[in-house]
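Reviewing the structure listed below.
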Amino acid sequence: MRDASVSIANPAPMMTTVRQKLALVVAGVGILLLLVVWAAGRAIAPLPTFGAALILVAAGILLFVREEYLQRPEGIKNNGVWFRSLTARGVWGWLAGVLITGFYVCLYWFPQYLAGLIQLFDPVSQALRGQAADQWFVYGSLYTAAVLLMGIKFAYKYRHNPYQRLRTLSVVFFQLGFAWLIPGLLMRLQQPEIYFTYFWPLSYYQGTPMAYEGYAGSGLGTFFFFFGLAMFFVGTPVLTWFFGKRWYCSWVCGCGGLAETAGDPFRHLSDKRLIAWKVERWLIYSILILVVLMTLLLWANVATGRSMLQGISEPFYKTYSFLIGSAFSGVVGVGFYPILGSRVWCRFGCPMAAWLGIWQKKRSKFRITTNGGQCISCGNCSTFCEMGIDVRAYAQKGQDIVRASCVGCGICSAVCPRGVLRLEGASELAGDRERPFK
Amino acid sequence: MKIVILGNGISGITAARHIRKRSDHAITVISEESDYFFSRTALMYVYMGHMRQQDVQPYENWFWAKNRIELVRAQVQSVDFDAKTLHTSDRRVIPYDRLVLATGSRSNKFGWPGETLNGVHGLYHWQDLEAMERHSAGLQRAVVVGGGLIGIEMAEMFHARHIPVSFLVREKSFWDTVLPPEESQMVNRHLHEHGIDLRLETELKEILPDDKGTCRAVRTHSGEEIACGFVGLTVGVSPNIGFLKNTALETNRGILVNEFLETNQPGVYAIGDCTEMRQARAGRRPIEAVWYTGRMMGELVAQNICGKKTAYDPGIWFNSAKFLDIEYQVYGDIRAKLPENQATVYWEHPGGKKSIRLNYDKASGAIAGFNLMGVRYRHEVCEKWLREGAHIETVLSNLGLANFDPEFSDQYESEVVKVYNRQTGKSLSLRQRRGLPGVLRFLQHLSTSSQR
């Protein structure tokens with residue numbers, strides 16, 4: 001009886017059509033090309049190989065998802081997510097996790113093993129940035145391709161839901177434009193490589209003296225330095241007051257962008273237990289405190305003539321950079337998508353999310369309202385909350401949901417079978433009205 | 001005081017939680033079905049792979065010990081109302097000071113030949129889900145008998161697993177005893193769109209066995225045989241009170257209770273699906289096997305047991321469901337056949353999967369009910385208009401207040417107003433569009449006594 005879901009977790013495989021199998025072959029060959037180049041350590045005929053891989057992967061994915069979603073009536077498409085190996089922590093899930101984690105490990109600490117891929121991306125880098133590719137260009141390009149292609153998939157999946165379509169368009173736009181094209185073009189124009197949508201403290205480097213000094217001589221760079229600080233101190237409180245933290249986390253941010261698109265098939269893997277919420281609060285605010293401390297120390301070091309504090313501030317920065325900047329946000333944050341869900345970094349680590357969350361909880365009009373007595377406690381909202389919020393606990397009591405971690409993706413509202421949840425802004429402070437209409 | 005609750009569904013568990021909120025009484029919840037409370041309405045999602053068993057349990061397992069709610073897994077075979085004891089199949093005797101009967105429903109069977117065969121099941125208990133699962137491997141076709149809410153759920157479940165389904169519906173159109181014709185036909189079309197073999201005006205005659213005592217086919221009244229390895233019987237539910245029949249407890253179809261949910265036995269209450277109101281409230285049925293009435297009764301019985309005597313008032317009728325991809329909500333009085341004294345304003349989206357219907361009293365213009373397909377309306381707003389008997393034109397010109405669809409969704413309220421104008425020759429216009437600030441202003445005048 002208690003083990004029933006074990007037997008339930010192993011039904012006949014979900015059907016794929018002939019065209020979908022064909023599409024899988026096409027995408028599979030494209031991915032295989034990339035893996036071969038990665039393993040070989042060098043790329044023969046980079047441009048044709050790159051072109052072929054890109055076209056094959058894109059065509060394969062698009063063909064597959066068109067068949068998956070457009071050939072069927074529009075609606076919620078969660079059939080079998082707990083049955084499939086890839087999305088239910090099965091063999092394919094673990095393999096995918098190992099592959100992505102391995103890629104991140106190479107990226108951060110062993111870029112020499114990405115030499116083949118770097119060669120492969122060289123022609124594109126030359127065309128866009130006017131300079132040779134490095135591992136970060138490879139990473140940024142793959143990342144952008146993932147957001148774009150899986151974004152199209154997500155938009156097909158939720159084509160009946162305008163909020164989801166618009167939101168996806170937004171994250172794809174910001175990733176493609178502000179995190180790929182513009183930084184590349186700026187480099188071509190001999191300007192600093194600026195990502196206008198990454199602010200301190202998510203980008204912990206942006207608030208440091210090193211960043212400030214690095215921008216010396218560039219008007220645009222100095223502008224961005226202060227723009228980033230203004231976004232932290234003024235932009236965040238103001239925008240969050242009106243829209244909640246979603247203005248950033250699920251509409252603009254690149255980490256959020258990847259989670260909402262490539263990460264969407266894994267959103268249900270987030271931990272919903274109370275203990276996870278406790279860990280979340282300890283961890284995320286600790287990291288916010290750490291990054292603030294680190295940045296202050298770095299500036300104090302500069303102010304005191306780089307003598308007294310050099311021995312503390314520099315190792316502090318290096319340790320943060322290694323543990324939080326690379327290991328947590330990258331390796332665990334994305335590599336563990338198929339195991340821990342798509343928002344591990346956003347939920348447990350991101351100091352920007354912590355800051356946005358404080359404002360969302362304390363001073364925002366944004367909330368998710370519940371629809372009277374219609375909740376049937378089914379649990380779809382909680383299950384598909386990527387942030388691990390137990391949405392049902394509020395919905396079944398008829399309470400508004402005002403939680404620091406909610407990124408406003410709107411999926412709880414979309415998957416609710418009884419029309420119970422709605423993301424909205426009120427005329428008053430959210431926290432003032434915990435138990436509405438009663 | 002020791003309180004024993006028989007049944008760990010939404011009614012029993014709500015009662016237990018609210019008794020704990022209000023008191024320090026000892027609470028024991030007995031269930032034959034499952035170790036922990038789960039959402040019965042979510043069974044379908046476990047089969048379809050949207051959720052696992054633990055995901056449909058609204059409380060984590062530590063919750064019960066922390067709140068000092070003792071959970072007992074046992075089958076109660078009899079109740080000694082004089083000695084105030086329960087007797088289980090494993091010969092345990094459980095005493096009580098107050099007993100709350102929350103035994104739920106059982107699936108109906110109407111004496112069809114073959115209804116007890118292997119592979120013939122209803123869908124109500126966790127064990128029904130296990131049975132569906134057991135029979136699903138290699139299943140070539142399932143037949144679902146009964147065109148109601150559970151029937152269409154079961155059809156969707158098999159369909160989600162790519163198992164062909166024949167859906168036998170006795171009526172001329174799906175659920176047309178409850179849904180008005182347009183909405184009912186919308187569901188028919190949607191079933192066809194999904195490729196479900198919908199058989200309207202088709203009745204089950206018998207279920208045919210193979211040589212191992214498993215069903216191999218059904219035969220309909222027209223004599224047609226449909227080969228199948230599973231038959232779902234979803235022709236309604238009845239109170240699950242078999243072991244209480246012919247005891248001192250007064251029963252009819254369900255356990256008879258007064259407005260305080262008291263049975264004829266002192267200290268014994270009944271709540272949820274298994275109860276039958278001696279005096280049904282105006283516009284409501286004596287037995288209502290609905291999720292939220294179970295929840296309301298659970299909350300109310302807790303008040304009564306803890307000394308705050310309150311009469312049961314489920315308020316204005318509402319309900320909701322989802323027909324595959326089409327959500328359905330109803331508020332107030334919507335009948336399948338429009339009563340003589342009512343008029344209707346019905347708008348349907350050109351895509352044929354969304355509609356809004358408002359019924360009102362012809363003479364007074366008072367709003368009577370809202371019926372929504374593929375569109376979400378806000379409960380509190382509709383309820384306020386219904387309670388106040390607001391005039392149809394007041395409702396129409398402010399209709400945006402009721403809209404609960406996600407942001408950026410199209411708003412169809414002005415189309416509804418147009419339909420009304422066309423029907424009446426008036427030139428009403430929509431004054432209020434969707435938005436929470438307006439809703440809050442509107443509801444601020446709402447009396448705080450509304451109990452839900």
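Overview of values
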{"item": "The protein assembly as shown, Rg to Rh (Cα coordinates; Rh as Kirkwood inverse mean 1/r)", "result": "1.00"}
{"item": "Centre separation in Å (Cα based) which lies between segment A:31-76 and segment A:318-360", "result": "28 Å"}
{"item": "Amide H partners (placed H, <5 Å) of B:Phe323, local residues excluded", "result": "B:Tyr328"}
{"item": "Extension reserve of the B:Arg335-B:Phe110 stretch, reckoned as 0.36 nm per residue once the Cα distance is removed", "result": "78.4 nm"}
{"item": "Spin-label model distance (nm) - B:Arg92 vs B:Glu259, 7 Å beyond Cα toward Cβ", "result": "3.8 nm"}
{"item": "Pairs from A:Lys272/B:Lys354; B:Lys309/B:Lys337; A:Lys153/B:Lys353 whose Cα-Cα separation, in the structure shown, is over 30 Å", "result": "A:Lys272/B:Lys354; B:Lys309/B:Lys337"}
{"item": "Distance-filtered residues of segment B:96-128 - backbone nitrogen under 17 Å, label point 7 angstrom along B:Arg22 Cα→Cβ", "result": "B:97-102"}
{"item": "Debye-sum result for segment B:162-281 in log10 I(q)/I(0), which assumes one identical scatterer on each alpha carbon, at q = 0.15, 0.16, 0.18, 0.23 Å⁻¹", "result": "-0.86, -0.88, -0.93, -1.18"}
{"item": "Calculated FRET efficiency for the pair A:Phe173/A:Ala303, C-beta based, R₀ 60 Å, to 0.05", "result": "0.90"}
{"item": "Computed magnitude of the charge dipole of segment A:274-352 (debye, nearest 20; Cβ of K, R +1, Cβ of D, E -1)", "result": "140 debye"}
{"item": "Neighbouring partner chain Cβ atoms per residue of A:82-91, average, 10 Å criterion", "result": "2"}
{"item": "Among beta bridges that DSSP assigns inside the protein assembly as shown, antiparallel share in %, nearest 5", "result": "60 percent"}
{"item": "Among B:Gly147, B:Leu244, B:Gly119 - extreme Cα towards positive end, dipole of segment B:115-251, charges at beta-carbon", "result": "B:Gly119"}
{"item": "Unit charges on C-beta of K, R, D, E only; dipole of the protein assembly as shown, Debye", "result": "1340 debye"}
{"item": "Ranking by accessible area, most exposed first, for B:Lys362, B:Lys426, A:Lys272 with a 1.4 Å probe", "result": "B:Lys362, B:Lys426, A:Lys272"}
{"item": "Linear extension gain, A:Thr222 paired with A:Ile275, 0.36 nm per residue minus alpha-carbon span", "result": "14.8 nm"}
{"item": "Chains B and A together, accessible area buried on both sides, 1.4 angstrom probe, square angstrom", "result": "5600 Å²"}
{"item": "DSSP bridge pairs, chain B: antiparallel proportion in percent, nearest 5", "result": "60 percent"}
{"item": "Length-normalised contact order of segment B:234-332 in % [C-alpha pairs under 8 Å, at least 6 apart]", "result": "19 percent"}
{"item": "Calculated FRET efficiency for the pair A:Leu22/A:Leu181, C-beta based, R₀ 45 Å, to 0.05", "result": "0.90"}
{"item": "Linear extension gain, A:Met210 paired with A:Val234, 0.36 nm per residue minus alpha-carbon span", "result": "6.3 nm"}
{"item": "Near-label residues of segment A:225-249 by backbone N, under 17 Å of a point 7 Å along Cα→Cβ of A:Val292", "result": "A:229-238"}
{"item": "Exceeding the 22 Å Cα-Cα cut-off - candidates A:Lys365/B:Lys21; A:Lys245/B:Lys66; B:Lys109/B:Lys245; A:Lys157/B:Lys172; A:Lys278/A:Lys365", "result": "A:Lys365/B:Lys21; A:Lys245/B:Lys66; A:Lys157/B:Lys172; A:Lys278/A:Lys365"}
{"item": "Segment B:69-124: trypsin sites (Lys or Arg not before Pro) falling in loop per DSSP and having at most 14 other Cβ within 10 Å", "result": "B:Arg91, B:Arg92, B:Lys109"}
{"item": "Residue-count net charge about B:Glu156 - beta-carbon cut-off 12 Å; Lys, Arg +1, Asp, Glu -1", "result": "0"}
{"item": "Equivalent ellipsoid semi-axes - Cα gyration tensor, segment B:318-443, angstrom", "result": "19, 17, 15"}
{"item": "Positive-end residue, segment B:332-437 charge dipole about Cα centroid, Cβ charges, pick of B:Pro406, B:Leu338, B:Gly352", "result": "B:Gly352"}
{"item": "4 °C / 1.567 mPa s Stokes-Einstein diffusion coefficient of chain B, Kirkwood radius on C-alpha pairs, µm²/s", "result": "54 µm²/s"}
{"item": "Residue range of chain B that is longest and free of chymotrypsin sites (Phe, Trp or Tyr not before Pro) which are both DSSP loop and sparsely packed (at most 15 other C-beta within 10 Å)", "result": "B:111-259"}
{"item": "Stokes-Einstein D for segment A:58-203, Kirkwood Rh over Cα pairs, 4 °C, 1.567 mPa s (µm²/s)", "result": "74 µm²/s"}
{"item": "Local net charge near A:Ala115, Cβ-Cβ under 14 Å (Lys/Arg +1, Asp/Glu -1)", "result": "-1"}
{"item": "Counting all C-alpha pairs of segment B:228-312, share separated by more than 22 Å (%)", "result": "28 percent"}
{"item": "Inter-probe distance in nm under a simple model that places probes 7 Å from Cα toward Cβ, at B:Phe243 and B:Lys212", "result": "3.2 nm"}
{"item": "q = 0.18, 0.24, 0.27 Å⁻¹, segment A:274-352: log10 I(q)/I(0) [Debye, one scatterer per Cα]", "result": "-0.75, -1.06, -1.20"}
{"item": "Loop GluC sites (Glu not before Pro), segment B:14-75 (other Cβ atoms within 10 Å of the site Cβ: 15 or fewer; DSSP)", "result": "B:Glu60"}
{"item": "Part-to-part distance (alpha-carbon centres) for segment A:138-178 and segment B:346-369, which is given in Å", "result": "38 Å"}
{"item": "Relative contact order of chain A, pairs being alpha-carbon contacts under 8 Å that are 6 or more residues apart, as %", "result": "15 percent"}
{"item": "Range of Cα positions in chain A per principal axis (Å), largest first", "result": "64, 56, 37"}
{"item": "Mean Cα-pair separation over length for segment A:363-432, i.e. relative contact order, pairs under 8 Å, 6 or more apart, %", "result": "48 percent"}
{"item": "Within segment B:1-73: Cβ-based charge dipole about Cα centre, in debye rounded to nearest 20 (Lys, Arg +1; Asp, Glu -1)", "result": "300 debye"}
{"item": "Long-range amide H partners of B:Val268 with built H, under 5 Å", "result": "B:Leu99, B:Thr263"}
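The values are calculated or read from the model by the stated rules, or taken from the named source; none is laboratory data. Bear in mind the structure is a predicted one, so any value in this text is a computation, not a measurement. Don't worry about glycine lacking a Cβ; one is built from the backbone with ideal geometry, like all the others, and counts go over all protein chains shown. What goes into the accessible areas is simple: the full protein's heavy atoms, side chains included, and nothing from ligands, DNA or RNA. Shrake-Rupley method; radii C 1.70, N 1.55, O 1.52, S 1.80 Å.
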